[in-house]
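Below: one structure, written as structure tokens.
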Amino acid sequence: MTSTTMLILGASGDLTKRLLLPGIGSLVVGGDRSDLELLDGLTVIGSGRSDKADGWRDTVAGAFDQVGAKGGPVDDILASTKYVQADPTAPEDWKRLLDGVDGDLVVYFALPPSIVVKVAGILQDLDLPEHTVLAIEKPFGDDADSATRLNEELVKVVPEGRIHRVDHFLGQRAALAMLATRFNNRLLESSWNADQIERVEIVYDEKLGLEGRAGYYDTAGALRDMLQSHLLQVLAVTTCEAPAGLDPEHLRDSLAAVLAVTKPWSGAPVFPNTDGPSRRARYTAGEIDGRRLPDYAAEEGVDPDHETETLAEIALEVGDARWAGVPFILRSGKAIGDPANEIRVSYRPVRFRPDGQSGTGSPEVLRFGFKPPRIEFRFTSGGGDMPFQLDPVEVSGSLPKSAVTEYGEVVRGVLGDDPTLSIRGDVAVQCWRIVQPILDAWQRGEVPLDEYPAGSGGPSSWS
């Protein structure tokens with residue numbers, strides 16, 4: 001078995017401890033034999049500008065404990081892991097970073113895109129192992145031009161097929177279930193179009209506020225952080241044509257094709273009191289579950305002049321024969337009191353209802369929930385106490401659970417050299433192209449920055 005070294009750049013950040021390392025551990029807990037083979041001979045090296053060497057092994061062990069990972073594979077990784085203090089933009093530091101690397105190499109970038117470009121320029125001049133893989137955390141650039149430049153630099157290091165642009169939402173149970181459910185159920189497959197579906201909403205709200213992430217979030221905001229990346233990938237999974245196979249070429253071609261014809265909504269307004277295809281807001285002081293949250297603008301590290309939105313909602317259209325005329329609403333917000341997180345598919349009303357029925361029938365609604373992973377289907381039925389009384393009926397079920405986390409799915413693809421669930425370079429550019437008109441309108445001040453109390457459902461004017 002070929003040994004592999006995973007070199008994590010920016011390992012001192014929160015993402016490595018909270019998501020990436022537990023993801024590796026989850027392959028021990030919930031993976032199969034092939035997953036354990038991927039971990040056999042794996043060496044994990046953390047690196048950053050700050051000195052974390054003394055506590056690094058404890059950090060790795062603690063991350064594995066989070067997911068209950070134990071046994072031989074964990075012991076082997078803990079025995080070999082180390083931390084190297086280094087500046088990845090300093091060419092002279094790379095000798096130390098690569099010292100002792102044997103076999104295949106995975107360079108995992110937990111770094112801002114501007115730094116990734118600089119590091120890629122250095123890697124082009126290094127004698128890297130023959131099989132080197134690059135894994136990059138979002139954001140993939142800051143706009144379409146910078147995303148294109150990033151792509152150009154990365155492919156000078158390794159071929160596109162060995163570049164993994166990480167979006168863990170493609171490993172979400174809801175997204176994977178959407179693919180399986182759409183293409184394996186005749187009832188849904190035959191109704192999955194604009195003739196039957198009126199509206200689709202992809203929502204990922206959360207109770208958490210800023211939580212000390214001002215350094216990143218205050219220059220990103222909800223649209224860049226969630227909608228431009230995660231939720232656009234979910235939209236692609238929801239709307240793409242059936243690929244010939246669930247492999248890197250066919251699935252990613254299908255996702256790219258549908259995003260290429262996606263743009264801001266140009267039809268009749270879909271948001272109350274708003275003519276355009278977007279709205280934005282920022283939370284003020286409030287309370288969630290007994291915890292007091294300060295006004296976002298007063299949070300440590302926040303510059304109020306940035307006018308960073310903590311809640312964003314945009315309407316998009318998919319310009320193909322299947323979906324023309326259907327608005328797709330993407331929304332994500334922080335400090336929401338009763339957060340929704342789901343793909344909500346609303347069907348059109350039936351064209352005719354026989355007279356003589358009592359009650360009010362409602363169109364069908366299909367939901368794929370993110371947290372907890374679930375499927376719910378609401379429809380109209382009857383035959384209760386009165387023979388022609390219409391009543392809503394809801395059928396629901398939990399999606400199959402897996403001990404492998406979303407980041408575990410990412411690691412599986414990276415170590416297994418399978419980019420099926422990673423973002424292709426052209427798709428990263430398309431996602432910026434889709435949202436750029438909305439960002440431009442915000443920059444021009446054409447869309448007001450509304451406010452909502454933390455713990456509420458959003459601005460009252462949005463109802």
Filtered trypsin sites (Lys or Arg not before Pro), the range 118-178: DSSP coil and at most 16 other beta carbons within 10 Å: LYS156
Sort 92-104, 279-291 by packing, meaning the average of other beta carbons within 10 Å per residue, with the highest value first. 279-291, 92-104
Amide H to amide H under 5 Å from LEU111: which residues, 5+ apart in sequence or cross-chain, H placed 1.01 Å off N in plane? GLU137
Round to the nearest 10 and give me the degree value, 0 to 90, for the angle of helix 113-123's Cα axis relative to the longest principal axis of the chain. 40
Cα point-scatterer Debye curve for the range 109-233, base-10 log of I(q)/I(0) at q = 0.09, 0.10, 0.12 Å⁻¹: -0.39, -0.47, -0.65
Quick one: pull the percent of accessible area on the chain belonging to carbon and sulfur, 1.4 Å probe, ligands and nucleic acids left out. 48
Can you give me the Cα centroid spacing of the range 365-422 and the range 81-159 in angstrom? 37
In nm, to one decimal, how far is the ARG292 label point from the ARG353 one, both placed 7 Å along Cα→Cβ? 4.9
Stretched out fully, how many nm does the piece from ASP426 to ASP99 gain, at 0.36 nm a residue minus the Cα gap? 114.3 nm
In nm, what is the difference between 0.36 nm times the number of residues separating HIS250 and ASP303 and their Cα-Cα distance? 14.7 nm
Computed over the Cα atoms of the range 1-123, what is the convex hull's projected area averaged over all directions, in nm²? 7.3
From phi via Karplus (6.51, -1.76, 1.60), per-residue ³J(HN,Hα) for the range 210-224 in Hz, x at Gly/Pro: 5, 6, x, 9, 4, x, 8, 5, 6, 9, 10, x, 5, 5, 5
Could you point to the label whose value was computed as Cα Rg over 2.2 N^0.38 Å for the structure here, given (i) 0.90; (ii) 1.04; (iii) 0.99? (ii)
Sticking with the crude label model, points 7 Å out along Cα→Cβ, report the distance from ALA441 to PHE388 in nm, one decimal please. 4.6
Where only C-alpha atoms are counted, convex hull volume of the range 348-463 per residue in Å³: 262
From phi via Karplus (6.51, -1.76, 1.60), per-residue ³J(HN,Hα) for the range 280-290 in Hz, x at Gly/Pro: 8, 7, 9, 7, 9, 4, x, 10, 10, 6, x
The chain, helix-only ellipticity at 222 nm - DSSP H runs n ≥ 4, -39,500 (n - 2.57), divided by all residues, nearest 500: -8500 deg cm²/dmol
Using a 1.4 angstrom probe and counting only protein chains, how large is the accessible area of PHE183 in Å², to 10? 60
So what does THR181 come to for accessible area, using a 1.4 Å probe and Å² rounded to 10? 30
Full-stretch length increase - VAL155, LYS401 - with 0.36 nm per residue and alpha-carbon distance subtracted: 84.9 nm
Once Rh for the range 276-410 is found with the Kirkwood sum over Cα pairs, what is the Stokes-Einstein diffusion coefficient at 20 °C and 1.002 mPa s, in µm²/s? 111
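The values are calculated or read from the model by the stated rules, or taken from the named source; none is laboratory data. Here the structure is a predicted model, which means the values were calculated and not measured. All Cβ positions, even for glycine, are placed from backbone atoms using ideal geometry, and neighbour counts span all protein chains on display. Side chains included, ligands, DNA and RNA excluded: accessible areas come from the protein's heavy atoms. Shrake-Rupley method; radii C 1.70, N 1.55, O 1.52, S 1.80 Å.
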